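> First the structure, which I've put down as structure tokens, then a few questions once you've had a look.
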Amino acid sequence: MRLWLSLVMGLLLAAPARAGDLVVTATAGGRGVADVVAMAKPQAGIPHGPIRFAWPYRMAQHNLQFDPFVLVAPVGAEVSFPNLDTVRHHVYSFSPAKTFELKLYGRDESRAVRFDKAGVVALGCNIHDAMVAFIRVVDTPFAGKTAASGEVVLRDLPPGSATVTIWHPYLKAPGGEISRTVMIPATGRAQLSIAVDLRRPPMAHGHY
């Protein structure tokens, strides 16, 4: 009996994990749109444990702009706010997901904020009104943002149905987001192509 159980457990451990990728493509007017955040929540559920992404949780101030324009960060992440400019900045947010204020600090100084609630955090500078950026705090490991090509690949989703939410700060939709249901294959890739309708930014900062 013990030998039989050992063999069964060995086979289960040796069996390859079944997972598929999801390629999300966002376009407007036939061109790819950058900084579109895609978040997938499989019907099979989210894996337990902390969420980690490969990119740095960093929102710099550089050339009187925030960099990046959109940052995807997991719930619980501490995001750094280094000042790379020769002038001082005063970073703030009044967003329900996170309200905070980083009072005036100068070149090569940095501050950090922990984001403990999923949602959209809009950032501004109390000194430079044209500085605008966003942090999308997510509660799924299957998330990312599109490159200039308009494409992002969400990897290793469990097979089956998944709800995919697409968000952009200027998307013409309630809350700036829309959702679609996709089927994730056991191996290989699923494709989700979506045309987004964007409103003009309130200030011209080159991210339309």
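Each value in this text was obtained by applying a stated rule to the coordinates, not by laboratory testing. Predicted model, so just to flag it, every value in this text is computed and none were measured. Note: ideal-geometry Cβ built from the backbone for every residue, glycine included; neighbour counts use all protein chains shown.
> The range 94-134 to the range 147-189: how many Å between their Cα centroids?
26
> Could you list the GluC sites (Glu not before Pro) in the range 60-144 that lie in coil according to DSSP, counting only those with at most 16 other Cβ atoms within 10 Å of their Cβ?
For GluC sites (Glu not before Pro) across the range 60-144 that sit outside H, G, I, E and B with at most 16 neighbouring Cβ atoms in 10 Å, the list reads Glu109.
> Order these peptides, 62-71, 19-28, 170-179, by their mean beta-carbon neighbour count within 10 angstrom, highest first.
Top of the packing list down: 19-28, 62-71, 170-179.
> In a shell of Cβ-Cβ distance under 15 Å around Gly29, excluding Gly29 itself, what net charge do Lys and Arg (+1) and Asp and Glu (-1) give?
That works out to +3.
> Let me ask something additional. For the range 48-88, what class follows from the C-alpha gyration tensor (a ≥ b ≥ c being the square roots of its eigenvalues): rounded when a/c is under 1.5, otherwise prolate if a/b is larger than b/c, else oblate?
Note, shape of the range 48-88 comes out prolate.
> Taking amide H positions as placed in the peptide plane 1.01 Å from N, state which residues far from Gly160 in sequence (5 or more) or on other chains have amide H under 5 Å from it.
Ile184
> Sticking with this structure for a sec: With +1 on each Lys and Arg Cβ and -1 on each Asp and Glu Cβ, and nothing else charged, work out how big the dipole of the chain is about its Cα centre, in Debye to the nearest 20.
I would put it at about 340 debye.
> Can I ask one more? Add -39500 (n - 2.57) for each DSSP H run of 4 or more in the chain, then divide by its residues: what number comes out at 222 nm, to the nearest 500 deg cm²/dmol?
Helix-only estimate at 222 nm: -2000 deg cm²/dmol.
> Over the range 54-140, what is the percentage of antiparallel beta bridges among all DSSP beta bridges, to the nearest 5?
Just about 75 percent of them are antiparallel.
> When Lys and Arg each count +1 and Asp and Glu each count -1, what net charge do the other residues less than 15 Å away from Trp167, Cβ to Cβ, add up to?
Taking every other residue near Trp167 into account, the sum is +2.
> What does the highest-first list of 80-87, 44-51 look like by mean Cβ count within 10 Å?
Top to bottom by mean Cβ count within 10 Å: 80-87, 44-51.
> Could you list which residues have their amide H under 5 Å from that of Phe142, counting only those 5 or more apart in sequence or on another chain, with H placed in the peptide plane?
Hits under the 5 Å cutoff: Ala40.
> Read phi for every residue in the range 130-139 and hand back ³J(HN,Hα) as whole Hz from Karplus 6.51 cos²θ - 1.76 cosθ + 1.60, θ = phi - 60°, with x for Gly and Pro.
These are the phi-based 3J(HN,Hα) values: 6, 7, 9, 7, 9, 10, 9, 8, 10, 10 Hz.
> Could you run the Karplus curve 6.51 cos²θ - 1.76 cosθ + 1.60 with θ = phi - 60° over the range 118-125 and give me ³J(HN,Hα) per residue in whole Hz, x for Gly and Pro?
Per-residue couplings from phi come out as 5, x, 9, 10, 8, 10, x, 10 Hz.
> Check which residues have an amide H placed less than 5 Å from Arg58's amide H, if you skip close sequence neighbours.
When sequence neighbours closer than 5 places are left aside, the close amide H contacts are Ser80.
> So for Met39, Met183, fewest C-beta neighbours within 10 Å to most, what's the order?
With the sparsest Cβ surroundings first, the list reads Met183, Met39.
> Give me the angle, in degrees from 0 to 90, between the Cα long axis of helix 2-14 and the longest principal axis of the Cα atoms of the chain, rounded to the nearest 10.
40
> Using a ≥ b ≥ c from the Cα gyration tensor of the range 54-140 (square roots of the eigenvalues), is it rounded, prolate or oblate, where a/c under 1.5 gives rounded and otherwise the larger of a/b and b/c decides, a/b for prolate?
prolate
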